[in-house]
Amino acid sequence: MKTIGERIKYLRKEVLENTQKDFGLRIGLKPNSVSDIENGKNNPTEQTIKAICREFNINENWLRNGTDEIYNKIDEDFASICAEIGVNDEKAKMAIMKYCQLSDEDKKLFWNFIERFLK
């Protein structure tokens, strides 16, 4: 993939399995704008590049140049993860806050459910 448009199309279609409409909704573009970028008619703006990287955890070097890994490495530092959630994921933040309010018994039930769900 030589161009950023080709990488965006690959990301959207092959990796994320999104339609142009769904992909565009996540980053604030209309489907025809996504199409124009993918087909090389327009270049993505800085704002669009930043939105793709932020929304899908994409490595900006990969998106711009095709270098490095497609995804950013996840920072496994707990404090950094919590700070990131607090800023960027309101639903996850709310879930964590609600979890903290559960009784010990309810927390145990919650983890039993999660363990069953993951099997």
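Every read-out reported here was derived from the displayed coordinates using simple, explicitly stated rules and does not represent laboratory data. All of these numbers come straight from a predicted model, not from anything done at the bench. Methodologically, a virtual Cβ is constructed for each residue, glycine included, from the backbone with ideal geometry; neighbour enumeration extends over all protein chains shown.
Observations on the model:
- Loop GluC sites (Glu not before Pro), segment 51-112 (other Cβ atoms within 10 Å of the site Cβ: 10 or fewer; DSSP): E69, E76
- Simple Cβ-charge dipole of segment 4-65, Lys/Arg +1 and Asp/Glu -1, about Cα centre, in debye nearest 20: 100
- What the phi angles of segment 33-49 give under the Karplus curve with 6.51, -1.76 and 1.60, with θ = phi - 60°, is a coupling list of 5, 4, 4, 4, 5, 4, 8, x, 6, 10, 8, x, 6, 4, 4, 5, 4 Hz, glycine and proline written as x.
- The calculated FRET efficiency for K107 paired with E55, based on their beta-carbon distance and R0 = 22 Å, is about 0.10.
- Cβ-based charge dipole, the chain, positive-most Cα from L102, I52, N39: N39
- Cross-link partners of K21 among lysines (Cα-Cα below 26 Å; sequence separation of 8 or more within a chain): K2, K9, K13, K30, K41, K50, K91
- Tail fraction, Cα-Cα pairs, the chain, threshold 24 Å, whole percent: 43
- Placing +1 on the Cβ of every Lys and Arg and -1 on the Cβ of every Asp and Glu, with no other charges, gives the chain a dipole of roughly 480 debye about its Cα centre.
- Loop-resident sites, segment 52-109, for trypsin sites (Lys or Arg not before Pro), counting at most 13 other Cβ within 10 Å (DSSP): K73
- A Förster radius of 25 Å combined with the Cβ-Cβ distance from M1 to K41 puts the calculated FRET efficiency at roughly 0.90.
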